[in-house]
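Down below is the structure, laid out as structure tokens.
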Amino acid sequence: MHRINQLFENKKDRILSVYYSAGFPALNNTLDIAIWLEKAGADMIEIGIPFSDPLADGPTIQESNKVALDNGMTLDLLFNQIKELRSKVTVPVILMGYINPVIQYGIGRFCQSCEDVGVDGLILPDLPMSEYISEYQDKFTDHGIKNIFLITPQTSDERIREVDARSNSFIYMVSTSSTTGAKDSFGEVQASYFERVRSLNLNNPTLVGFGISNKVTFGQACAHSNGAIIGSAFIKVLGSSDNLESDILQFVKSIKA
Amino acid sequence: MKYTVDKTGYYGNFGGAYIPEMLYPNIEELRESYLSIIDSKEFEQQFNALLKDYVGRPTPLFKAERLSDKYGAHIYLKREDLCHTGAHKVNNTIGQIILAKKLGKQKIIAETGAGQHGVATATVCALMGMECVVYMGKVDMERQKPNVERMRILGATVQPATSGSQTLKDATNEAMRHWINNPTDTHYIIGSVVGPHPYPDMVARFQAVISEEIKFQLLEQTGSELPNYVLACVGGGSNAAGAFYHYLDKEEVHLVAVEAAGLGVASGESAATTALGKPGVLHGSKTLLMQTQDGQVVEPYSISAGLDYPGIGPMHAHLFDVGRVKFLNATDEEAMKAGIELSRLEGIIPAIETAHAFAALKQLNLGQNDVVVINLSGRGDKDLDTYIRWGKY
Ligand SMILES: Cc1ncc(COP(=O)(O)O)c(C=O)c1O
């Protein structure tokens, strides 16, 4: 069974997926952070492909993208850094990034590299569904790569059903109408949106992302979904850490507590 | 029409709507409604009335005799510099603000490079009583100070974009992020023929009034509505799109777009997208884009803030691709000289963006009988600081 499907088969709730930018805080941290995250208890790992113009990201991830690029991060280098991924990490790994670097790398070559290193899925926020269907879906499928779609509080029921029909792993529920960034709590808007999505009885499991920062928001998100994704709050920890391994352990523990 | 957008939002291989899901409802709403709104009688009446009585259209088409003598051809200037607010940008903001009202939006955001689009947006927001936030690169705020203050006088909030090169590209990123965070009550007035479909088509339609007027004015003055050449500068490409629009299918008319070469195309400090770019995706559309081999967007450079952009609109990428439009470029130095030359020969100080179009006159092999229309997209008041600093006049 595909690694992502296996995860959701084995675990139905409180799944924790953690996002960080490749090449941040230091150029060669990429694989180590994945290893330490798994050791700390993360269920899934999302590695960001740095981009010069991350439109959907707030200040924290903008900054980590910039630092990574200044460090010399490239997509070529990323695949090289995670060449040994599958001898060290067993949880599902997803790459998240903007479409332009992927286009320049070459979509066929990109899919092959993903398969070679053992990447399980992709989140490409600026790849629209229509383009995905006409240009990318077959290639992804051929290489065993799951495409993960985003939905937001503004997404209509009809479109959520369309996303569900096109998905075969999980659906990424963006918590609020916003760019990425940590928030302290969720309000009623989120609660009713989470509930609306749950009442649609989708075929795919859901993970909530954007704005998850701590135990409280993680708990709120998990109450209405299969788990949650943490990005900015984790990046902040990485950015100010003197000891990545122990801080990562601490952080994951504090979320799952 | 052969070169306009197709049903799926593409111009040949370029265009589309590469937007995150957060913006999907907004873009979808626009896509579904823009044509029916624009084509309605009510819209047309309101748009035309404002263009006439508020903007001051039609703008003159002026035969530049001394410039004509100098270059040995019949040169006509389309005086967009005489539009209210001093550039063609207002044609688009008038159209979009009426549309925003129809869509029930209360707030307006915009990005700006030279500040002309920001001023044009702030102006129509004042006119319509709408709240206005304009994102502007911090570097651009410094080199276009008068326009920053004009926007503020008009009641707009000017938000500095402090990421990246702190110019137009970064202002556009910030405006899009603002829209993601405020999707329901806000309309984003994009200032050029860039962005996700339907923006490039919508903006081109609003600017098309330029070539619509050129046609009848030229007919009146020369007996033919077809010139041999139409020239325009290209940042994102809105004034060029407007000047070319009704000539696109008239293959006998040579259309010439002029990009900013900055310190020189090969200098590493340039904004000449067709010379340096490859197909890529930025700000919601697939287009020609200056980028590294790894797909990171390159920071462009031009002395003129309005041309300091690493891409061009997808329509222009297509027109370049199929060879319908010839793309030339002019350096900072060439543009500044051309700006001074126009000032001395015709008594018109052009915007530095516009001066790039004039700088390309030398590169054309003009014949004595050739009729050339140059789109004089804006006036140089906002650029006095730059002219003064350049100093060679
Ligand atoms: C006078 C003038 N011309 C041209 C431009 C470039 O924009 P576009 O290529 O969209 O016409 C600007 C942009 O600020 C401008 O102010």
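The values are calculated or read from the model by the stated rules, or taken from the named source; none is laboratory data. In this text the structure is predicted, and so the values were computed from the model without any measurement. Neighbour counts are summed over all protein chains in view; Cβ atoms, including those assigned to glycine, are modelled from backbone coordinates with ideal geometry. These accessible areas exclude ligands, DNA and RNA; they are computed on the full protein's heavy atoms, side chains included. Shrake-Rupley method; radii C 1.70, N 1.55, O 1.52, S 1.80 Å.
If only residues of the stretch B:297-311 that are over 17 Å from B:ASN147 (Cβ atoms) and open to solvent by 20 Å² or more (accessible area, probe 1.4 Å) are counted, the one that is farthest from the other protein chains (Cβ to nearest Cβ) is B:TYR301. When residues in the stretch B:23-58 are screened for being without any contact (Cβ under 8 Å) to a residue 40 or more places away in the chain and in contact with a Pro (Cβ under 7 Å, 6 or more places away or on another chain), 0 of them pass. Screening A:GLU115 against (1) open to solvent by 60 Å² or more (accessible area, probe 1.4 Å); (2) within 11 Å of chain B (Cβ to nearest Cβ); (3) touching a Gly at 6+ places or on another chain (Cβ under 7 Å) leaves a single unmet condition, (2).
Cβ-Cβ contacts under 9 Å between residues 6 or more apart (or on different chains), taken from a first residue in the stretch B:339-351 that is open to solvent by 30 Å² or more (accessible area, probe 1.4 Å) to a second residue that is within 16 Å of the ligand (Cβ to nearest atom) and basic (Lys, Arg), are listed as B:ILE349/B:ARG379.
For the stretch B:222-244, filtering for residues that are out of contact with any Lys or Arg (no Cβ under 7 Å at 6 or more places or on another chain) and more than 20 Å from B:THR273 (Cβ to Cβ) leaves 6. Taking the residues in the stretch A:28-66 that are surrounded by fewer than 20 Cβ atoms within 10 Å (Cβ to Cβ) and within 14 Å of chain B (Cβ to nearest Cβ) as candidates, determine which candidate is nearest to B:PRO310 (Cα to Cα). Looking at the filtered set, the residue picked out is A:LYS66. Evaluating B:MET1 against the criteria (1) within 14 Å of another protein chain (Cβ to nearest Cβ); (2) touching a residue at least 60 places away in the same chain (Cβ under 8 Å); (3) open to solvent by 40 Å² or more (accessible area, probe 1.4 Å) leaves one unmet condition, (1). Of all residues in the stretch A:74-112, those being part of a loop (DSSP other than H, G, I, E, B) and open to solvent by less than 10 Å² (accessible area, probe 1.4 Å) number 4. B:PRO314 passes every criterion in (1) open to solvent by less than 10 Å² (accessible area, probe 1.4 Å); (2) out of contact with any His (no Cβ under 9 Å at 6 or more places or on another chain) apart from (2).
Scanning the stretch B:142-193 for residues that are in contact (Cβ under 8 Å) with a residue 40 or more places away in the chain, assigned to a loop (DSSP other than H, G, I, E, B) and among the hydroxyl-bearing types (Ser, Thr, Tyr) returns B:SER165, B:THR167, B:SER192. If the condition is being out of contact with any helix residue (DSSP H, G or I) (no Cβ under 8 Å at 6 or more places or on another chain) and open to solvent by 40 Å² or more (accessible area, probe 1.4 Å), then the stretch A:138-165 contributes A:ASP138, A:THR141, A:GLU158, A:ARG161, A:ALA165. Candidates B:ALA64, B:ALA73: the one that is within 30 Å of B:LEU342 (Cα to Cα), out of contact with any helix residue (DSSP H, G or I) (no Cβ under 8 Å at 6 or more places or on another chain) and open to solvent by less than 20 Å² (accessible area, probe 1.4 Å) is B:ALA73.
Number of residues in the stretch A:221-257 that are among the small types (Gly, Ala, Ser) and in a helix (DSSP H, G or I) equals 6.
For the stretch B:135-162, enumerate the residues that are surrounded by 22 or more Cβ atoms within 10 Å (Cβ to Cβ) and within 14 Å of chain A (Cβ to nearest Cβ). The answer is B:TYR135, B:GLY137, B:ALA161. Kindly check whether there is at least one residue in the stretch B:333-355 that is of a type in the set (Ser, Thr, Tyr), in a loop (DSSP other than H, G, I, E, B) and within 13 Å of the ligand (Cβ to nearest atom). Within the stretch B:333-355, not a single residue is of a type in the set (Ser, Thr, Tyr), in a loop (DSSP other than H, G, I, E, B) and within 13 Å of the ligand (Cβ to nearest atom).
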